[in-house]
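Readers should treat all values here as calculations from the given coordinates under stated rules, not as data from a laboratory. No experiment lies behind these values; they were computed from the predicted model shown. So basically every Cβ, Gly included, is an ideal-geometry build from the backbone, and we count neighbours across all protein chains shown.
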Amino acid sequence: MGLLDRISTRKIEPESAAVVTAAVDDPVFSTKALRKFLACLRSNESAALIDLGAVVGSNVTFFGEQLGCKIFVQDILADLDRLIREGRPEAMPALLRTRFSEESSSIDGILCWDVFDYLDRPSARALADELTRVLRPEGALLGFFGTAQPRERGYTKYIVVDETTLRHRSYAAARGRQSALANRDIIQLFSTLRVSDSFLLQNNLREILFRKPVWEGQK
Amino acid sequence: MWKRDEAVRPASGQPTGAPPPSQSVGTSAPRPEPAHHMEKDNVNIGKSVVIKGELNGSEDLTIEGHVEGTIQLRDHVLTIGPNGRIKAQVFAKAVIVQGEVTGNVTASDKVDIRDNGSVDGDIVSPRVAIAEGAHFRGSVDMQRKAGAPPAQPQKPAAPAAQTAAAGAPQAPAAQRVGV
């Protein structure tokens, strides 16, 4: 190792240490549904995936390497934040109805994370309709839904550690979680999908994996 | 005298306090080749430069200025510096983004969006790295090479903090909750 190499290594050490410290501080939780979601997509050689959360580089790498898929990053919460800061959150449903340019039945998997917890009912309805439209038959949709009354104001980045573990990283939000959706409300939102798996975790998060049924005419 | 001045002058782009390790400052004249080599292999487009049109090259390129159109460095590395503003279709071996890119980026090796880097467009590359704090809006296509098997599922790791509520951890079916 040359002198310059040693100097440059020493320079980046504090940054690396900060990153490691931040990663250690983030709580880690188990996930039951992610593995099943991945299993749904593995059979497809060139799957297309929509990620509705904030862009997380390691997640893009994870899904790209695990599935070799095409990932569309659609940070819905960034749009929501912008509209709230502009004082016109009522524009969110209309925005969501035009947000997805993907063709109908063209997407194999959708990662909603907990986006629905932050939307009002009209926005949630609009988003669910659009996601249901773009999801192909037999496609999978994974959503997290809080079951306790919301307290915190921040958003959460779900960082995939592995198929059974997620790191939760909070970041600032213009508006906190809305009231928790009841099971029947969630089912009604995705009334054309079927519930494949549902897990209630100790951290008051319900993970639900939906599949889009194949109708007779689509076989 | 001329030789003595050259001996203490740092190579172009090198910090003054960090001479190359093999160089013995003040005792012998440096070889001119390394500095010349660097200039030859990495071209820099400065902050004040604006280019509209097609940019082709066969050497590594760093852009700090504005480029609109198409950039093709098929076998080389394109770096968009912190001041770089690109509105273009980009094709390169590797692309490092520290500035702003609007347009699709295709790399045969890797796309690396660094902290404060921004990409609005679709990325096609076998390897993609997006740093925390980077902005990205678009799609990422990390196509598997033909014939390459899909990555094996990772070995499940024991979660550090939390387990599912109902039932034993070894029995996922029992943890399902009816809805």
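For this structure, a couple of remarks:
- About its Cα centre, segment B:38-133 has a charge dipole of approximately 120 debye under the convention of +1 per Lys or Arg Cβ and -1 per Asp or Glu Cβ, with nothing else charged.
- Compared with the dominant principal axis of the Cα atoms in chain A, helix A:57-67 is inclined by about 60°.
- Counting only alpha carbon atoms, the long axis of helix A:3-25 and the longest principal axis of chain A meet at about 40°.
- Rg over Rh [alpha-carbon atoms, Kirkwood Rh] for segment A:170-217: 1.09
- If you take all other residues with their beta carbon under 13 Å from the beta carbon of A:GLY154, and give Lys and Arg +1 and Asp and Glu -1, the sum is +1.
- The angle separating the long axis of helix A:33-42 from the principal Cα axis of greatest extent in chain A is about 80 degrees.
- Cross-link pairs beyond the 32 Å C-alpha cut-off, checked among A:LYS70/B:LYS47; A:LYS212/B:LYS87; B:LYS52/B:LYS93; B:LYS52/B:LYS110; A:LYS36/A:LYS157: A:LYS70/B:LYS47; A:LYS212/B:LYS87
- Across chain A, C-alpha contacts under 8 Å between residues 6 or more apart give a mean separation that, scaled by the residue count, equals a relative contact order of 23 percent.
- Each label was represented as a point 7 Å from its Cα along the Cα-to-Cβ direction; for A:ALA78 and A:ALA148 these points are 3.0 nm apart.
- Translational diffusion coefficient (Stokes-Einstein; Kirkwood radius from C-alpha pairs) of chain A at 4 °C, 1.567 mPa s, in µm²/s: 70
- The residues packed around A:THR164, meaning those with a beta-carbon under 9 Å from its beta-carbon, carry a net charge of 0 if Lys and Arg are +1 and Asp and Glu are -1.
- Cβ-defined net charge surrounding B:LYS52, 10 Å radius [Lys, Arg +1; Asp, Glu -1]: -1
- For segment B:38-133: rounded, prolate or oblate by the Cα gyration tensor [a/c cutoff 1.5]: rounded
- Residue separation of A:ARG88 and A:VAL214 scaled by 0.36 nm, minus their Cα-Cα distance, works out to 41.5 nm of gained length.
- Loop-located chymotrypsin sites (Phe, Trp or Tyr not before Pro) in segment A:180-219 (DSSP state other than H, G, I, E, B) with a sparse environment of at most 16 neighbouring Cβ atoms within 10 Å: A:TRP215.
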